[in-house]
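Remarks on the structure that follows.
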Amino acid sequence: MTGAAMRLGALAGLALLATTASTSVSSQMIDIIYLDEANFGFNDNSAAAPPPGNPGQTLGEQRRAVLERAVDIWTTRLDSNAVVRLEVSFDDLGCGERTTLGQAGSKGIAWDFPGAPETATNFPTSLAAALRGFPFAEFSAEMQAEFNFRIDQEDCADGIEAFWYGLDPEIPPALGTASFLVLAVHEIGHALGFQSLTDRDDFSFFGERPDRMSRFLFSTQLNRSWREMSSAERQASSTSGQALVFTGANANLRAAERLLPPSVLRVQSGSVEFEAFMHGFAPFLDPGGLAAPLVLADAPGPGPGPDDPWHRTLACQPLTNAAEAAGAAVLVKRGECTFASKWQNVFDAGAAAVVIVDNRPAGEDGNIARDSAMALDRNLPIPLWSVSEATGEQLLAFLPAESAELGFRSDRPARGTNQGFTNLQASTENQGSNVSHFADSMFPRSVMNPSLINSAFAGDVDFVPDLLIDLGWAGNEDKLAEFSGNWFNPSRSGEGCQLTMEEGQEIPVLTCYLYRDGEPFWLIGNGVYLGDRFEFNEMTITAGADYGSDFDRNDVERSPWGRIVMDVIDCNNARFELLPEGQGLSAYTSQMTRIVPTDCNERAVNQINRARAGNYFVEGADGEGIQLAREADGSTWIMTWYTYLDGEQVWMIATGRRLGSQIIFEDTVVTQGGQWGTAFDPADIQRIPFGTITINLDTDTCNDIRVEFDSILPQFEPIERDMTRIIPRKC
């Protein structure tokens, strides 16, 4: 039978159905279908104070905003040949010792459909629709997700009083809440195909056909894949701990970049080593670790008495030994106040890291000297680690330590891996696992671990998109132009960055317009896209030339400036890390959004034509030029003119509209007055009208333009320039 499908009832029972074609007409990748009745769930009209970053005025509006952001996060990273429908609702998923916050999955199974990468294999209908190019007419949707309405109504889960509907990536969930965004991203990950389609009772394959995921499930203990095992062996391997791995090449390549080996704390020049635990809150240390003195906190407040070696070490008040703590890793005893308070007080003292000593023996419920078990209501830019109670007692003998290291065991594999492959959750405590999660043992944690990552969430879906690509989903290679355009931080209006994708979306070019001591400057650099971020490792700054007829390319002085990393949340939101080197400037980060938002939930085939967007310069006179972006609405063009005046950099920026073969920018401005980094104040920015810039498009090619600069400022003479694209492209 070809093109067949089975229906999955609430992720369990099955019924055989015939398959008929359904034409896909939507430009979207995921069509959200809200099933809730009026004034309930996603349609709840109860007034609610907007949480950070969420503009919704009612509970239903806030829930929909979060769910749609989760969809944007996924559709930014994946592509599809058709619309895939997602039914969502709030339902009663119960309360109790193991409360279910949400559940999701495919609504059916399909096999031998057009476009299937292998025959006689069960695929989730979500992936099958994406591959074959049209949804399933016999289903109301290809995937489904349900969320527990009781979480917002009663004390239903230990430590959770309500969902957190905030969308600001820099503000963590309030204490006692659970991030609905993380939950929604997690559940949609299941619905897209991170789901083992085997019988939950006996681990047999439905219809005696293996499922797609079983191609990549492998037991290092039995040395064979799930497809080579009996049902009994599959069931046994589902509780075999780290022996069960996922072998997909894309997921494991990305995991190797991210996952870290066991963490340690070393003293006495590394000769004494203690087990330590890096917790699941950014910033994470890179593999090189952190070297710093190790000192004991000293602060007033409640705690052990003066005869106790831990006297005054709780850090529940500002530290009195701030001079000693500055630049050091500070050892703090657990107890009496929140972890967040300790973290804050140590940070305020200028410390480089905080290490919390547990006050509960290993194995006791609530001990923190293991995987993350902390509740924090803030983000702070210093690492937070912990050690066991016994380790803390031993460390007292080495304090103060002039040199200590928070580092990693280079002789151990990354946590959550086995033989270079990522572990799936195969807990030896369960009687049978559906293995549809990454193992809780990995670190940093994955959004697809079984337990919730309840911290500020900036769209980090780690290597889960790569797993879905291993299963068959298309990546976003054909829609990278969705990132092109102008980015700014609304709280820092007057500075920003402009990104264009050159050479068929393969080469990202970034320019940033910034300030130092009131004077404008600009940077330019090529970069690389790495799946979850853009890295621009050779940003260049220039100087020395003059404007107009006095411009001489030989006057241009180029020097390396540093790096910029653009960490992607979705196609409209990203975190920019500006990392100057040797400039006398401190690094800072800025949460930016696109000036003109785009629809992340749009397939590559429906992206607007950006053939004219890009970087242009006068051939043979490089060193200045314009960057032209066509924004997502298709009608807005933003142009930035990077040039010089009296040997110093200057830039102009304008928004324009295309009229026939011309793009006219009548509101071009020159700016000045800003400061760098944390000293920036948008009120300082002076916007000075420059005049009009007109771009004349060559109708025979998309690589050449003629630009007319007609300034009202006497220092900028009227000029015309024939320009060509820095990297020519096929039109």
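Is it true that Glu577 is under 20 Å from Ile695 (Cβ atoms), of a type outside the set (Val, Ile, Thr) and either touching a helix residue (DSSP H, G or I) at 6+ places or on another chain (Cβ under 7 Å) or surrounded by fewer than 22 Cβ atoms within 10 Å (Cβ to Cβ) (or both)? Talk me through it step by step, then tell me what you get.
Values: under 20 Å from Ile695 (Cβ atoms): no; of a type outside the set (Val, Ile, Thr): yes; either touching a helix residue (DSSP H, G or I) at 6+ places or on another chain (Cβ under 7 Å) or surrounded by fewer than 22 Cβ atoms within 10 Å (Cβ to Cβ) (or both): yes.
The answer is no for Glu577.
Report whether or not Glu273 is surrounded by fewer than 21 Cβ atoms within 10 Å (Cβ to Cβ), assigned to a strand (DSSP E or B), of a type outside the set (Phe, Trp, Tyr) and touching a strand residue (DSSP E or B) at 6+ places or on another chain (Cβ under 9 Å). Lay out the reasoning, then the answer.
Details: surrounded by fewer than 21 Cβ atoms within 10 Å (Cβ to Cβ): yes; assigned to a strand (DSSP E or B): yes; of a type outside the set (Phe, Trp, Tyr): yes; touching a strand residue (DSSP E or B) at 6+ places or on another chain (Cβ under 9 Å): yes.
When the stated conditions are applied, Glu273 passes them.
Would it be correct to say that Ala351 is touching a Pro at 6+ places or on another chain (Cβ under 9 Å), surrounded by 18 or more Cβ atoms within 10 Å (Cβ to Cβ) and in a loop (DSSP other than H, G, I, E, B)?
Values: touching a Pro at 6+ places or on another chain (Cβ under 9 Å): no; surrounded by 18 or more Cβ atoms within 10 Å (Cβ to Cβ): yes; in a loop (DSSP other than H, G, I, E, B): yes.
It is false that Ala351 is touching a Pro at 6+ places or on another chain (Cβ under 9 Å), surrounded by 18 or more Cβ atoms within 10 Å (Cβ to Cβ) and in a loop (DSSP other than H, G, I, E, B).
For (1) aliphatic (A, V, I, L, M); (2) within 22 Å of Asp286 (Cβ to Cβ); (3) at pLDDT 85 or above, each residue gets a yes or a no:
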site: Ala353; (1), (2), (3): yes, yes, yes
site: Asn367; (1), (2), (3): no, no, no
site: Ser372; (1), (2), (3): no, yes, no
site: Ala375; (1), (2), (3): yes, no, no
site: Ile382; (1), (2), (3): yes, yes, yes
site: Leu396; (1), (2), (3): yes, no, yes
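Condition check ((1) on the phi > 0 side of the Ramachandran plot; (2) touching a residue at least 40 places away in the same chain (Cβ under 8 Å); (3) surrounded by 20 or more Cβ atoms within 10 Å (Cβ to Cβ)) across all residues:
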site	(1), (2), (3)
Gln195	no, yes, yes
Phe206	no, yes, no
Arg209	no, yes, no
Met213	no, yes, yes
Thr220	no, yes, no
Arg227	no, no, no
Ser230	no, no, no
Asn250	no, yes, no
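I'd like to verify a number: residues in the stretch 575-594 that are within 15 Å of the chain's Cα centre (by Cα) and outside any strand (DSSP E or B), how many? Talk me through it step by step, then tell me what you get.
Here is the first cut: in the stretch 575-594, the ones within 15 Å of the chain's Cα centre (by Cα) are 575-577, 589-593.
With outside any strand (DSSP E or B) added as a condition, the list becomes none.
The total comes to 0.
Restricting attention to the stretch 114-158, which residues are surrounded by fewer than 22 Cβ atoms within 10 Å (Cβ to Cβ) and either within 26 Å of the chain's Cα centre (by Cα) or not assigned by TED's automatic domain parsing to the domain that holds Ser89 (or both)?
Selection gives Leu131 alone.
Residue check, Asp202 against (1) free of Cβ contacts under 8 Å to residues at least 40 places away in the same chain; (2) in a helix (DSSP H, G or I), all met but one. Which one?
The single condition Asp202 does not satisfy is (2).
Checking the conditions here, which among Gln649, Gln672 is buried (at least 16 other Cβ atoms within 10 Å of the Cβ), in the same structural domain as Ala543 (by TED's automatic domain parsing) and not basic (Lys, Arg)? Reasoning before the result, please.
Numbers: Gln672 fails: buried (at least 16 other Cβ atoms within 10 Å of the Cβ).
On inspection, the qualifying residue turns out to be Gln649.
Considering each residue of the stretch 447-479, count those that are free of Cβ contacts under 8 Å to residues at least 60 places away in the same chain and crowded, with 20+ Cβ neighbours inside 10 Å, and give that number.
Residues in the stretch 447-479 being free of Cβ contacts under 8 Å to residues at least 60 places away in the same chain and crowded, with 20+ Cβ neighbours inside 10 Å: 1 in total.
Out of Ala340, Ala323, which single residue is over 23 Å from Glu170 (Cα atoms), outside any loop (DSSP other than H, G, I, E, B) and either at pLDDT below 95 or out of contact with any helix residue (DSSP H, G or I) (no Cβ under 9 Å at 6 or more places or on another chain) (or both)? Quick ask: steps written out before the conclusion?
Working: Ala340 fails: over 23 Å from Glu170 (Cα atoms).
After applying the criteria, what remains is Ala323.
Criterion first (surrounded by 17 or more Cβ atoms within 10 Å (Cβ to Cβ), closer than 19 Å to Gln144 by Cα and of a type in the set (D, E, K, R)) does Arg77 satisfy it?
Numbers: surrounded by 17 or more Cβ atoms within 10 Å (Cβ to Cβ): yes; closer than 19 Å to Gln144 by Cα: no; of a type in the set (D, E, K, R): yes.
So Arg77 does not fit the description; no.
So, in the stretch 397-412, of the ones that are of a type in the set (A, V, I, L, M, F, W, C) and part of a strand (DSSP E or B), which residue ends up farthest from the chain's Cα centre (by Cα)?
Of the stretch 397-412, the ones of a type in the set (A, V, I, L, M, F, W, C) are 397-399, 401, 404, 406, 408.
Right, trim to part of a strand (DSSP E or B) and you get 401, 404, 406, 408.
On the way: Ala401: 37, Ala404: 32, Leu406: 25, Phe408: 24 Å.
Restricting to residues being of a type in the set (A, V, I, L, M, F, W, C) and part of a strand (DSSP E or B), the top hit is Ala401.
Could you tell me whether the stretch 43-59 includes any residue that is of a type in the set (D, E, K, R) and closer than 22 Å to Glu142 by Cβ?
Residues of the stretch 43-59 of a type in the set (D, E, K, R): 44.
Now narrow it down to the ones that are closer than 22 Å to Glu142 by Cβ: none.
No, that holds for no residue.
Just name the residue that is nearest to Val435 (Cα to Cα) out of those in the stretch 174-186 that are at pLDDT 90 or above and touching a Leu at 6+ places or on another chain (Cβ under 9 Å).
Applying the filter and picking the extreme gives His186.
Please work out which one of (1) surrounded by fewer than 17 Cβ atoms within 10 Å (Cβ to Cβ); (2) farther than 21 Å from Leu197 by Cβ is the condition Tyr165 fails and give its number.
Result: Tyr165 fails condition (1) only.
Looking at the stretch 426-439, which of the residues that are modelled with pLDDT of 90 or more and assigned to a loop (DSSP other than H, G, I, E, B) is surrounded by the fewest Cβ atoms within 10 Å (Cβ to Cβ)? Can you show your working first?
At the first step, the residues of the stretch 426-439 found to be modelled with pLDDT of 90 or more are 436-439.
With assigned to a loop (DSSP other than H, G, I, E, B) added as a condition, the list becomes 436-437, 439.
Numbers: Ser436: 19, His437: 23, Ala439: 26.
Filtering the stretch 426-439 for residues that are modelled with pLDDT of 90 or more and assigned to a loop (DSSP other than H, G, I, E, B), the one surrounded by the fewest Cβ atoms within 10 Å (Cβ to Cβ) comes out as Ser436.
Which ones in the stretch 120-163 are on the phi < 0 side of the Ramachandran plot, assigned to a loop (DSSP other than H, G, I, E, B) and not polar (S, T, N, Q)?
Hits for the stretch 120-163 are Phe134, Pro135, Ala137, Glu138, Phe139, Ala141, Glu142, Glu154, Asp155, Cys156, Asp158, Glu161.
Any idea which residue in the stretch 335-357 is nearest to Ala325 (Cα to Cα), counting only those that are in contact with a Lys or Arg (Cβ under 9 Å, 6 or more places away or on another chain) and among the aliphatic types (A, V, I, L, M)?
Here is the first cut: in the stretch 335-357, the ones in contact with a Lys or Arg (Cβ under 9 Å, 6 or more places away or on another chain) are 340, 342-344, 354, 356-357.
Right, trim to among the aliphatic types (A, V, I, L, M) and you get 340, 354, 356-357.
Numbers: Ala340: 18, Val354: 10, Ile356: 14, Val357: 16 Å.
Once the filter is applied, the top-ranked residue is Val354.
Taking Ala632 as meeting all but one of (1) modelled with pLDDT of 95 or more; (2) assigned to a loop (DSSP other than H, G, I, E, B); (3) crowded, with 22+ Cβ neighbours inside 10 Å, write down the number of the exception.
(1)
In the stretch 696-731, which residues are of a type in the set (A, V, I, L, M, F, W, C), part of a loop (DSSP other than H, G, I, E, B) and surrounded by 14 or more Cβ atoms within 10 Å (Cβ to Cβ)?
Within the stretch 696-731, the first condition is being of a type in the set (A, V, I, L, M, F, W, C), and the residues that meet it are 697, 702, 705, 707, 709, 712-713, 716, 719, 723, 726-727, 731.
Right, trim to part of a loop (DSSP other than H, G, I, E, B) and you get 702, 712-713, 716, 726-727, 731.
If the condition is that a residue be of a type in the set (A, V, I, L, M, F, W, C), part of a loop (DSSP other than H, G, I, E, B) and surrounded by 14 or more Cβ atoms within 10 Å (Cβ to Cβ), then Cys702, Phe716, Ile726, Ile727 are the ones that fit.
Filter the stretch 205-240 down to the residues that are among the aromatic types (Phe, Trp, Tyr) and part of a helix (DSSP H, G or I), then identify the one that is farthest from Leu468 (Cα to Cα). Walk me through how you get there before you give the answer.
We begin by selecting, within the stretch 205-240, every residue among the aromatic types (Phe, Trp, Tyr); these are 205-206, 216, 218, 226.
From what is left, the residues that are part of a helix (DSSP H, G or I) are 206, 216, 226.
Values: Phe206: 21, Phe216: 11, Trp226: 18 Å.
Here the residue is Phe206.
Can you tell me which residue within the stretch 167-190, out of those that are out of contact with any Lys or Arg (no Cβ under 9 Å at 6 or more places or on another chain) and part of a helix (DSSP H, G or I), is farthest from Ser106 (Cα to Cα)? Please lay out each step first, then the result.
Here is the first cut: in the stretch 167-190, the residues out of contact with any Lys or Arg (no Cβ under 9 Å at 6 or more places or on another chain) are 168, 173-179, 182-183, 186-190.
Right, trim to part of a helix (DSSP H, G or I) and you get 182-183, 186-190.
Working: Val182: 19, Leu183: 17, His186: 14, Glu187: 11, Ile188: 10, Gly189: 10, His190: 8 Å.
Checked the stretch 167-190; the qualifying residue farthest from Ser106 (Cα to Cα) is Val182.
The values are calculated or read from the model by the stated rules, or taken from the named source; none is laboratory data. Predicted model only: the values in this text are computed from it and were never measured. Glycine gets a Cβ as well: all are built from the backbone with ideal geometry, and neighbour counts include every protein chain shown.
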